[in-house]
1. Of the residues D474, D490, D484, which single one is crowded, with 19+ Cβ neighbours inside 10 Å and either in contact (Cβ under 8 Å) with a residue 60 or more places away in the chain or not small (G, A, S) (or both)?
2. Do you know which residues across region 45-99 are at pLDDT 90 or above and basic (K, R)?
3. Within region 419-470, can you find the residues that are more than 16 Å from the chain's Cα centre (by Cα), under 27 Å from P204 (Cα atoms) and in a loop (DSSP other than H, G, I, E, B)?
4. From P202, P226, which residue is away from the ligand (no atom under 14 Å from the Cβ) and crowded, with 18+ Cβ neighbours inside 10 Å?
5. Does region 270-297 hold any residues that are in a loop (DSSP other than H, G, I, E, B) and either within 16 Å of the ligand (Cβ to nearest atom) or touching a residue at least 12 places away in the same chain (Cβ under 8 Å) (or both), and which are they?
6. Within region 303-315, track down each residue that is within 13 Å of the ligand (Cβ to nearest atom) and part of a loop (DSSP other than H, G, I, E, B).
7. If I go through region 354-370 residue by residue, how many of them are within 23 Å of the chain's Cα centre (by Cα) and part of a helix (DSSP H, G or I)?
8. Among G323, G300, which is away from the ligand (no atom under 14 Å from the Cβ), under 19 Å from the mean Cα position of the chain (by Cα) and outside the structural domain of G78 (by TED's automatic domain parsing)?
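The values are calculated or read from the model by the stated rules, or taken from the named source; none is laboratory data. Just so we're clear, the structure is a prediction, and the values are computed from it rather than from any experiment. Reconstructed Cβ throughout: ideal geometry from the backbone, glycine too, with neighbour counts over all protein chains shown.
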Amino acid sequence: MTTTVKSATSDTSAASVESLVAEMLGQPWLIELFTELSERQEKSSAATARLREVDASNHVFWPFHAPQFPLVATGAHGSRLTDADGNEYLDCHLGFGAQALHGHSPEPVVEFVREQLAATTGNGYCHPVETKLVELLREFVPHCEKFAFLNSGTDATAAAIRIARAHTGRRMVAKFEGALHGVHDLGMHNTAFWYHGHPAAPFPGGAEDGGVERRPALTGIPVADPRDLLVLPNDPARALALIERHKDQLACVLGEAVSSSFPYEEHTVPLIRSVAESCRGLRIPFILDEVLTGFRYGPGGAARHFGIPADLCCYGKVITGLGLPLSAVGGRAELLDHMQTSGLPLTDIGRKTCVQTTHAGNHLSLCASYASLKLLHEQGETYYEETRAKVALIQRRLSAFRAETAIPLRLVGFGDFIGSFAFLEKESYADYREFAAATNPIAFFLLTLMLRKRGFYTLSLPMLFTGGAHSVADLEAVCDAVTDSARELDGHGFPFVLPTAGGDET
Ligand code: PMP
C-alpha cells in the first residue's frame with residue numbers, strides 16, 4: 001500500500017509537514033519505538049544529556065535532522081560499533097563516511113600510526129612520510145602537480161578559493177545551488193536543501209545578478225555581497241550564460257561532479273564537465289570539490305573518472321581512513337605557488353597568500369593517510385570491483401522489493417559508495433529542485449530510528465557509506481533491515497510520497 005498525505009495541498013508547505021508530524025507523533029507504534037530506543041540506551045542518553053549542559057559541540061546540526069537518541073560509542077572495529085550500554089550496531093555512518101574505505105581501525109593503518117606516535121613531533125615539522133604520501137597521491141591523481149595539506153574539507157575549499165583569488169586578483173566566487181562545500185561563510189550559502197528546510201520552506205527567488213538569490217543557511221552569516229558570490233542554478237544553459245556574463249569578475253567557479261543533495265551523475269556530470277571546460281576557455285580557475293568523490297570513483301576520483309578539467313581539486317573525508325583530520329588541495333603548480341614561499345621571506349611580503357594553520361597537515365594524519373591509501377593501492381582495481389558488486393547487490397534487492405510491494409524504496413548515491421536510502425517515485429531527477437521537493441524528510445527521520453531499532457547505525461539520515469568496511473553479508477543484513485522497516489512503515493499507513501511541492505519564490 002503506497003499512500004499520499006491525506007491533507008495534500010499542491011505545496012509541501014511547512015504546515016502540511018508539521019500537521020503530518022503532529023498526526024503521527026501520537027500513534028502507539030511510534031511511542032513504542034521511542035520507548036524501546038530510550039530503554040535500550042539509557043547510559044548513552046544520560047551521558048549525552050550531561051555533556052550537552054556544558055559542551056555545545058554538535059556532531060551534526062542540520063535543521064531538519066538533529067540526531068535523535070545520540071549514542072556514546074565506546075568502541076569500533078571494521079563495520080561494528082559498540083555503545084556505552086553494550087549494544088552492538090552495524091555502522092553505516094562510518095564517521096560521516098571518513099572510515100568507509102577500510103572500516104574502523106584497519107590494522108595496518110593503526111599499526112603504522114602507533115609506531116610513529118611513539119616518537120611523535122606532532123604538528124609543525126616536516127616529516128619523511130610527507131614525501132611518500134605526495135608520491136602516492138601523484139600516482140592516484142596525476143592531474144594534480146602540487147598539494148597543500150590542511151585539516152578539513154571546509155579548510156580545503158576555503159583555501160582553494162583564496163588561492164584562486166590570489167591568482168586572479170578578483171573576488172567573485174560562483175557556486176551551484178544545493179552544493180555542499182563546508183561551513184565557511186560562502187560555502188554555507190544556498191547549500192544542501194535540508195540545511196535550508198526545503199522542501200517545507202520555499203526555494204529562493206532570483207537575484208539581481210541573474211543567479212539565484214543569495215541565502216545563508218545559518219544564523220551568524222551575513223548575506224554575501226553580490227561582488228563576492230554568484231549562485232548558479234543547476235541548469236546547464238543558464239549556468240554557462242551566467243559564467244560568461246560575469247567572466248571578468250569571477251575569481252573561480254566551485255563545483256562538485258555529483259552531490260549528496262543532487263545525487264544523479266547522469267545529469268550533474270555533463271553539467272560540471274561543460275562548466276569546467278568553459279572555465280578553461282575563459283581562463284577562470286575551476287575548483288572541483290572532491291571531498292566526497294575523491295578516491296571513491298576509483299583512485300583518481302571524479303576528475304579522472306569523468307575527465308573533468310579542474311585547476312584545483314579538494315580532498316578530505318576518506319583521505320586518512322582513520323578519522324584523523326586531514327584534507328588536501330591539489331592542482332596546478334601555477335596556482336598553488338601563490339601560497340608557497342619563494343624562499344626569500346622579505347620578497348614574499350605583499351606578494352603571497354597563506355592558508356597554513358597550527359595543526360595543518362600534522363604528521364599523524366599524514367601517516368594515517370599514507371598507510372590507508374597504500375592499502376588501497378595494494379588492493380588496486382579489485383577494491384573497486386568488489387565495492388561496485390556489493391552496491392549492485394543492494395540495488396537488485398531494492399528493485400525486487402519495489403516490484404513486489406510498490407513501496408518506492410531506493411538507495412540513491414554515487415561513487416564507490418556514498419548514498420542514502422529514500423522513498424522516491426522516480427528513478428532519476430533531472431532537476432535539483434524537483435528532487436529536493438520529492439524527498440520526504442519525515443521518512444528520513446523514521447527510517448533512521450527504525451534501522452537503529454534493528455541494530456543498524458546511521459546518524460540523522462539513513463545514509464550508507466560503504467566500501468571495504470562492509471562484507472557482502474553485512475550489506476545483505478542492511479537490505480533485510482531497510483526493507484523490513486519499509487514494510488513496517490507501510491503497515492502503519494505511512495505516506496511515503498509527499499504531495500508535489502516545488503514551491504519557490506520566483
Ligand atoms: N565538500 C563536500 C562535498 C562535503 O560533503 C563536505 C562535508 N560534508 C565538505 C566539503 C566539508 O568537509 P568537512 O566536513 O571536512 O569540513
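1. D474
2. Listed by number, the residues that qualify are R50, R80.
3. Across region 419-470, the qualifying residues are L424, E425, K426, E427, S428, Y429, A430, D431, T439, N440.
4. Checking each option against the conditions leaves just P202.
5. I284, P285, E290, V291, L292, T293, G294, F295, R296, Y297 - these are the residues of region 270-297 that are in a loop (DSSP other than H, G, I, E, B) and either within 16 Å of the ligand (Cβ to nearest atom) or touching a residue at least 12 places away in the same chain (Cβ under 8 Å) (or both).
6. none
7. 5
8. G300
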